[in-house]
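Sharing a structure with you now.
The values are calculated or read from the model by the stated rules, or taken from the named source; none is laboratory data. It should be emphasised that the depicted structure is a prediction, and the values quoted were computed from it without experimental measurement. Here the Cβ is made from the backbone with ideal geometry for all residues, glycine too, and neighbour counts use every protein chain on show.
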Amino acid sequence: MINKFKIETIVNDKKYTKIIEPRLLASDFIRDNLNLTGTHVGCEHGVCGSCTIKIDGVTSRSCLKFAVQLHGKKVETVESLNSNPQKKLILKTFKKFHALQCGFCTPGFLITVDELIENEKFQSENEIRKALSGNLCRCTGYENIIKAVLELIKIRNKK
Amino acid sequence: MKPSPFNYLNVTTIENALDALSSNDNARLIAGGQSLVPMMNFRLAQPDLIIDISNINELKNVTEEKDYVEIGSLLTHTNAINSICLKKYFPVISNALKNVAHHTIRNQGTVGGSIANADPASEWPLLINLLDCSIKVKSKKNTREIPATKFFESHFVTNLKENEIIISIKIPKIQNLYGWSFHEESPREGDFAIVETGVIIEIENNNIIKNANIIIGGVDEKVIKLNNIENFIIGMNINEDLCKFDEKIVLTNIHPISDNHSSEEYKKHLSIVLLKKAINSAKKQILSKLND
């Protein structure tokens, strides 16, 4: 007998209450139960990075968390980047540098980059390449993504 | 690619976790879930009950005592890398942990999870041996401390009993002047190590090597402490050539197996190369400390 759980979670500043089974992955919950389909599901075992979200301000693979674990937590998905001008700049800069082609991996990159530019620790190209090595992109060859992030870091450092 | 059905229990105290663990047969603890959930998604692991310990806040601390530093088992790799206390006493930890998977995985994965998983090619098991740590575990009736050398038994097998939870890791402070190094070779950034080596060399006032810890991972069923090499360099002067040891004494102590990435021969060759590199960089660090 598997119990269902009632969870309350805040996703992109909106409160949701849902009844779910424990085995539901956070990635499927976000896409299928909340209809936030910006988060993409790729490998489902933590390798590709497409499903990256933020839980309580820290990035996490949503395919390696269960929806039930989101109870009482604050979640941000790629849709949250539309919410304020500073975060929208990430989207604009990716567009400017053509840092995407098919776009499948892009939501994961955007959320990861959002965390990187919040953190003063990330400065050099080498550090950025290492930090983004957990996100796989099969189209761009990464160069334009790195250029976009370096530009974002330059803008951040000026502030 | 979806886990099989299971029940879920969120606990906020160690006592509640121990109660649940002892009264359910096929239960698994989840901390960061970065190894367990992939296994569940592949259905290689099919627990009946998941006990979520990730919200037990008392297991997330770094505490400094006079002779040792104690870290809670739920400390994430990212928080261990950023800990000022760990950086001060054991800079090798942040250096090695930067090789644990990727940034986002390090945000969630924990030290306790990593050592309970006991992958012989991962970084924490090597560090636990390198730093002579002891592992504090608790069951409903008993608390015990397991020394590093006894904790890891084989591939994914530890001394931990089914009803026990890892509470913390005690890392003794190093009293003498010492040098450290960590080297790892992997196919790509963030991949599992093909070979990893860690070295700590301690010297006395007269520049004689008093103690040495030389550890190698990825080349056997568990992380290997190379006692023969340690004994070879203990008693030598730090200025001597420390890498004149017979390579055979390394090769008889490790048993790598060929896989898709690298052959047995390559792993043996790499073991020798990385060991010498690691010993020499620890030595170099001591020499530069002596010149300061």
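Conditions (1) in contact (Cβ under 8 Å) with a residue 40 or more places away in the chain; (2) more than 23 Å from residue A:16 (Cα to Cα); (3) touching a Ser or Thr at 6+ places or on another chain (Cβ under 7 Å), marked per residue:
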position: A:70; (1), (2), (3): yes, no, yes
position: A:80; (1), (2), (3): yes, no, no
position: A:90; (1), (2), (3): yes, yes, no
position: A:93; (1), (2), (3): yes, yes, no
position: A:100; (1), (2), (3): yes, yes, yes
position: A:104; (1), (2), (3): yes, yes, yes
position: A:116; (1), (2), (3): no, yes, no
position: A:125; (1), (2), (3): no, yes, no
position: A:128; (1), (2), (3): no, yes, no
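If you check A:134, A:141, which single one turns out to be free of Cβ contacts under 8 Å to residues at least 12 places away in the same chain and within 22 Å of residue A:46 (Cα to Cα)?
Working: A:134 fails: free of Cβ contacts under 8 Å to residues at least 12 places away in the same chain.
After applying the criteria, what remains is A:141.
Moving on to the next point. Consider residue B:122 carefully, then state whether it is surrounded by 22 or more Cβ atoms within 10 Å (Cβ to Cβ), hydroxyl-bearing (Ser, Thr, Tyr), under 26 Å from residue B:215 (Cβ atoms) and away from chain A (no Cβ under 11 Å).
yes
Kindly indicate the residue of segment A:97-125 that is in a loop (DSSP other than H, G, I, E, B) and touching a Leu at 6+ places or on another chain (Cβ under 7 Å) and also surrounded by the fewest Cβ atoms within 10 Å (Cβ to Cβ) among those meeting that condition. Break it down into steps so the answer makes sense when it comes.
Here is the first cut: in segment A:97-125, the ones in a loop (DSSP other than H, G, I, E, B) are A:97-105, A:119-124.
Subsequent filtering for residues that are touching a Leu at 6+ places or on another chain (Cβ under 7 Å) retains A:105, A:122.
Working: A:105: 23, A:122: 19.
Among those that are in a loop (DSSP other than H, G, I, E, B) and touching a Leu at 6+ places or on another chain (Cβ under 7 Å), it is A:122.
Would it be correct to say that residue B:190 is in a strand (DSSP E or B) and either farther than 30 Å from residue B:26 by Cα or away from chain A (no Cβ under 14 Å) (or both)?
Details: in a strand (DSSP E or B): no; either farther than 30 Å from residue B:26 by Cα or away from chain A (no Cβ under 14 Å) (or both): yes.
So residue B:190 fails the test.
Also, I was wondering about something else. Taking segment B:65-90 as the region of interest, how many residues are closer than 22 Å to residue B:165 by Cα and without any contact (Cβ under 8 Å) to a residue 24 or more places away in the chain?
Residues that pass the stated criteria total 1.
Now for a different question. Of everything in segment A:2-17 that's without any contact (Cβ under 8 Å) to a residue 40 or more places away in the chain and in contact with a strand residue (DSSP E or B) (Cβ under 8 Å, 6 or more places away or on another chain), which residue is surrounded by the most Cβ atoms within 10 Å (Cβ to Cβ)? Show your work before the answer.
First, the residues of segment A:2-17 that are without any contact (Cβ under 8 Å) to a residue 40 or more places away in the chain: A:2-4, A:6, A:14-17.
Going one step further and asking which of them are in contact with a strand residue (DSSP E or B) (Cβ under 8 Å, 6 or more places away or on another chain), we end up with A:2-4, A:6, A:15-17.
On the way: A:2: 12, A:3: 9, A:4: 13, A:6: 10, A:15: 8, A:16: 17, A:17: 8.
Ranking the candidates gives A:16 first.
All but one of (1) in a helix (DSSP H, G or I); (2) modelled with pLDDT under 95 hold for residue A:68, so report the exception by its number.
(2)
Return the residues of segment A:1-44 that are among the hydrophobic types (A, V, I, L, M, F, W, C), assigned to a loop (DSSP other than H, G, I, E, B) and over 19 Å from residue B:51 (Cβ atoms); say none if nothing qualifies.
Filtering segment A:1-44 for residues among the hydrophobic types (A, V, I, L, M, F, W, C) gives A:1-2, A:5, A:7, A:10-11, A:19-20, A:24-26, A:29-30, A:34, A:36, A:41, A:43.
Then drop every residue that is not assigned to a loop (DSSP other than H, G, I, E, B), which leaves A:1-2, A:24, A:34, A:36, A:41, A:43.
Correct list: A:34, A:36, A:41, A:43.
Grab the helices (runs of 4 or more DSSP H) fully contained in segment B:103-168, keeping just those with 3 or more residues being of a type in the set (S, T, N, Q).
On the way: elements: B:103-108, B:111-117, B:123-130, B:148-151.
Of the helices (runs of 4 or more DSSP H) lying wholly inside segment B:103-168, those with at least 3 residues that are of a type in the set (S, T, N, Q) span B:103-108.
Results for (1) touching a Gly at 6+ places or on another chain (Cβ under 8 Å); (2) hydroxyl-bearing (Ser, Thr, Tyr); (3) at negative phi, shown as yes or no for each residue.
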{"position": "B:172", "(1), (2), (3)": "no, no, yes"}
{"position": "B:175", "(1), (2), (3)": "no, no, yes"}
{"position": "B:178", "(1), (2), (3)": "no, yes, yes"}
{"position": "B:184", "(1), (2), (3)": "no, no, yes"}
{"position": "B:191", "(1), (2), (3)": "no, no, yes"}
{"position": "B:201", "(1), (2), (3)": "yes, no, yes"}
{"position": "B:204", "(1), (2), (3)": "no, no, yes"}
{"position": "B:209", "(1), (2), (3)": "yes, no, yes"}
{"position": "B:212", "(1), (2), (3)": "no, no, yes"}
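Being closer than 15 Å to residue A:57 by Cα and aliphatic (A, V, I, L, M) is the filter here; which residues of segment A:70-97 pass it?
Passing the criteria: A:70, A:75, A:78, A:81.
Could you check how many residues of segment A:150-159 are among the β-branched types (Val, Ile, Thr) and free of Cβ contacts under 8 Å to residues at least 40 places away in the same chain?
Number of matching residues: 1.
Could you please give the count of residues in segment B:1-38 that are within 14 Å of another protein chain (Cβ to nearest Cβ), in a loop (DSSP other than H, G, I, E, B) and touching a residue at least 24 places away in the same chain (Cβ under 8 Å)?
Of the residues in that region, 13 qualify.
Then there is this: Is there a residue being closer than 15 Å to residue A:22 by Cα and among the small types (Gly, Ala, Ser) anywhere in segment B:67-85? It would help to see each step written out before you state the result.
First, the residues of segment B:67-85 that are closer than 15 Å to residue A:22 by Cα: none.
Taking every residue of segment B:67-85 in turn, none turns out to be closer than 15 Å to residue A:22 by Cα and among the small types (Gly, Ala, Ser).
Collect the residues in segment A:104-142 that are touching a His at 6+ places or on another chain (Cβ under 9 Å) and away from chain B (no Cβ under 14 Å), keeping them in residue-number order.
Correct list: A:104, A:106, A:140.
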